[in-house]
Amino acid sequence: MSRLYVGNLAHETTEGELRAAFARYGPVSSVKIVSDRRGRQKGFAYVDMADAGSAAAAIESLRGTQINGRTMDIVEDQPRRGGMQRSGRRRR
């Protein structure tokens with residue numbers, strides 16, 4: 001599975017719209033639009049493609065295209081390196 005970061009999304013973009021756009025290039029395992037604590041979209045999402053070939057085709061074809069008037073920025077997601085893990089306690 002290959003995870004893609006999709007940035008510069010319009011706040012009204014839906015998971016269904018993203019799934020439809022990416023499904024043209026291969027099976028989409030999941031779509032997650034990231035929201036803040038109040039439920040407002042933060043303008044980016046993660047799309048999990050079934051394989052690296054489908055992910056590469058989607059990046060090549062969709063990078064620079066628009067959904068809801070915003071030009072998508074699409075890159076392969078890179079896992080975070082290092083850093084401390086959170087203790088699970090909320091900040092106040």
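Side notes on the structure shown:
- MRE, 222 nm, helices only [DSSP H, n ≥ 4, -39500 (n - 2.57), over the chain, to nearest 500]: -6500 deg cm²/dmol
- Normalised by residue number, the volume inside the convex hull of the Cα atoms of the stretch 1-45 is 74 Å³ per residue.
- Long-range HN-HN contacts of Ala10 with modeled amide H, under 5 Å: Arg70
- Spread of Cα-to-Cα distances over 10 Å intervals beginning at zero, given as percent, for the chain: 16, 46, 26, 11, 1
Read-outs throughout are calculated quantities, based only on the coordinates presented, and are distinct from any laboratory measurement. From a predicted model like this one, the values you see are computed outputs, not experimental measurements.
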